[in-house]
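A.B. asks: The structure is given below, and queries will be raised subsequently.
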Amino acid sequence: MERSKAMLVDITKCIGCRACEQACKEIHGFPKESETHLSTTAYTVVEDHGDRYVRRLCMNCQDPACASACLVGALKKTSLGPVTYDKSKCMGCRYCLVACPFNVPRYQWSKLAPYVTKCDMCYERQAKGQPPACVEACPAEASIIGWRDEILEEAQRRVLNDNKYVKQIYGSQEAGGTSVFFISDVAFEKLGFIAAPKHALPTLTANALGDVPTVVMVGGAMLSGLYWITQRRALVAMADAQEKKERS
């Protein structure tokens, strides 16, 4: 079986410098202002939880529910590990937003031609043998990257050999396993982590999609182009109007 990459985030090592945030923004050409939540211009953020700092980013699941829910294959789990997004295939259904158990993907509501956005662990950099920008920028080595089996072994070694750690590796089982692991000296539920199911969620999305008659699926594919042209801008305009109303 082909090996894939994974990231380990050691919360005990994070110093809250947010260098990871800025490196991510720089490589994607986003505004440099620090943000408190994941957004279309922030693929990773650092949250303050008392005297602990917690990174948020796409978990890049081993068997991603977002990809399973995508009718057109815009989201794909790569053999290298990251879950990538092909905007040229996206039809704007946003099923991926609903399917993700970690509430990661964001939608560009303010744009006339909106797309889904999320972290892909710097897939293009990794394909060239380079680490993700966030990992490279971390001065405290709170985030490291490597082969998934070796990274998981390193996480296990730290947790088992040092009593300060909670005896859990978040991401090793959640949603069937992910490509991002977290270890901590504080209970994960106290740091805002959700109690995700241990099984892979695509089994649920596949069953749900399996209940849709074939004729509906085929018809939907044929009409997707028409939907894109006639409805997409209208939806965005409505969302934009709602945002302006909420801000006023």
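The values are calculated or read from the model by the stated rules, or taken from the named source; none is laboratory data. In this text the structure is predicted, and so the values were computed from the model without any measurement. Neighbour counts run over all protein chains shown; Cβ positions are idealised from the backbone, glycine included. Only protein heavy atoms, including side chains, enter the accessible area calculation; ligands, DNA and RNA are left aside. Shrake-Rupley method; radii C 1.70, N 1.55, O 1.52, S 1.80 Å.
A.B. asks: Take the conditions modelled with pLDDT of 95 or more and in contact with a Ser or Thr (Cβ under 8 Å, 6 or more places away or on another chain) and apply them to residue 105. Does it pass? Talk me through it step by step, then tell me what you get.
C.D. replies: On the way: modelled with pLDDT of 95 or more: yes; in contact with a Ser or Thr (Cβ under 8 Å, 6 or more places away or on another chain): yes.
For residue 105, the condition - modelled with pLDDT of 95 or more and in contact with a Ser or Thr (Cβ under 8 Å, 6 or more places away or on another chain) - is met.
A.B. asks: For the list (1) in contact (Cβ under 8 Å) with a residue 12 or more places away in the chain; (2) among the polar types (S, T, N, Q); (3) more than 17 Å from residue 142 (Cβ to Cβ), I need the number of the one condition that residue 22 fails.
C.D. replies: Checking residue 22 against (1) in contact (Cβ under 8 Å) with a residue 12 or more places away in the chain; (2) among the polar types (S, T, N, Q); (3) more than 17 Å from residue 142 (Cβ to Cβ), the one that fails is (3).
A.B. asks: A follow-up question, please. For the range 81-98, check the following and say yes or no: at least one residue is surrounded by fewer than 21 Cβ atoms within 10 Å (Cβ to Cβ), within 21 Å of residue 5 (Cα to Cα) and of a type outside the set (Gly, Ala, Ser).
C.D. replies: Checked against the condition, which is being surrounded by fewer than 21 Cβ atoms within 10 Å (Cβ to Cβ), within 21 Å of residue 5 (Cα to Cα) and of a type outside the set (Gly, Ala, Ser), the range 81-98 yields at least one hit.
A.B. asks: Against the definition (aromatic (Phe, Trp, Tyr) and either open to solvent by less than 60 Å² (accessible area, probe 1.4 Å) or out of contact with any helix residue (DSSP H, G or I) (no Cβ under 6 Å at 6 or more places or on another chain) (or both)), how does residue 107 come out, yes or no?
C.D. replies: Numbers: aromatic (Phe, Trp, Tyr): yes; either open to solvent by less than 60 Å² (accessible area, probe 1.4 Å) or out of contact with any helix residue (DSSP H, G or I) (no Cβ under 6 Å at 6 or more places or on another chain) (or both): yes.
For residue 107, the condition - aromatic (Phe, Trp, Tyr) and either open to solvent by less than 60 Å² (accessible area, probe 1.4 Å) or out of contact with any helix residue (DSSP H, G or I) (no Cβ under 6 Å at 6 or more places or on another chain) (or both) - is met.
A.B. asks: May I pose another question? Please work out if residue 50 is closer than 19 Å to residue 179 by Cβ, over 17 Å from the mean Cα position of the chain (by Cα) and open to solvent by 30 Å² or more (accessible area, probe 1.4 Å). Give the derivation first.
C.D. replies: Values: closer than 19 Å to residue 179 by Cβ: no; over 17 Å from the mean Cα position of the chain (by Cα): yes; open to solvent by 30 Å² or more (accessible area, probe 1.4 Å): yes.
Spelling it out, it is not the case that residue 50 is closer than 19 Å to residue 179 by Cβ, over 17 Å from the mean Cα position of the chain (by Cα) and open to solvent by 30 Å² or more (accessible area, probe 1.4 Å).
A.B. asks: Right, next: May I ask you to verify whether residue 167 is surrounded by fewer than 17 Cβ atoms within 10 Å (Cβ to Cβ), over 17 Å from the mean Cα position of the chain (by Cα) and touching a residue at least 60 places away in the same chain (Cβ under 8 Å)? Lay out the reasoning, then the answer.
C.D. replies: Working: surrounded by fewer than 17 Cβ atoms within 10 Å (Cβ to Cβ): yes; over 17 Å from the mean Cα position of the chain (by Cα): yes; touching a residue at least 60 places away in the same chain (Cβ under 8 Å): no.
In short, no.
A.B. asks: Could I ask something else about it? Is it the case, given these coordinates, that residue 71 is without any contact (Cβ under 8 Å) to a residue 40 or more places away in the chain, surrounded by fewer than 19 Cβ atoms within 10 Å (Cβ to Cβ) and hydrophobic (A, V, I, L, M, F, W, C)?
C.D. replies: Details: without any contact (Cβ under 8 Å) to a residue 40 or more places away in the chain: no; surrounded by fewer than 19 Cβ atoms within 10 Å (Cβ to Cβ): yes; hydrophobic (A, V, I, L, M, F, W, C): yes.
So residue 71 fails the test.
A.B. asks: Shifting gears a bit: Residue 77 - would you say it is under 17 Å from residue 9 (Cβ atoms), crowded, with 19+ Cβ neighbours inside 10 Å and of a type in the set (D, E, K, R)?
C.D. replies: On the way: under 17 Å from residue 9 (Cβ atoms): no; crowded, with 19+ Cβ neighbours inside 10 Å: yes; of a type in the set (D, E, K, R): yes.
The answer is no for residue 77.
A.B. asks: Could I ask something else about it? Can you go through 145, 151 and tell me which one is open to solvent by 20 Å² or more (accessible area, probe 1.4 Å), touching a residue at least 40 places away in the same chain (Cβ under 8 Å) and either of a type in the set (Phe, Trp, Tyr) or not in a loop (DSSP other than H, G, I, E, B) (or both)?
C.D. replies: Working: 151 fails: open to solvent by 20 Å² or more (accessible area, probe 1.4 Å).
Result of the check over 145, 151: 145.
A.B. asks: I want to confirm something. Restricting to the range 112-142 and keeping residues that are at negative phi and surrounded by fewer than 11 Cβ atoms within 10 Å (Cβ to Cβ), which single residue is modelled with the lowest pLDDT?
C.D. replies: Here the residue is 112.
A.B. asks: Could you tell me whether any residue of the range 148-157 is modelled with pLDDT under 95 and β-branched (Val, Ile, Thr)? First the steps, then the outcome.
C.D. replies: Initially, the range 148-157 is screened for residues modelled with pLDDT under 95, giving none.
So far as the range 148-157 goes, no, none of its residues is modelled with pLDDT under 95 and β-branched (Val, Ile, Thr).
A.B. asks: Taking residue 38, is it out of contact with any helix residue (DSSP H, G or I) (no Cβ under 8 Å at 6 or more places or on another chain), in contact (Cβ under 8 Å) with a residue 40 or more places away in the chain and aliphatic (A, V, I, L, M)?
C.D. replies: Working: out of contact with any helix residue (DSSP H, G or I) (no Cβ under 8 Å at 6 or more places or on another chain): yes; in contact (Cβ under 8 Å) with a residue 40 or more places away in the chain: yes; aliphatic (A, V, I, L, M): yes.
Yes, satisfied.
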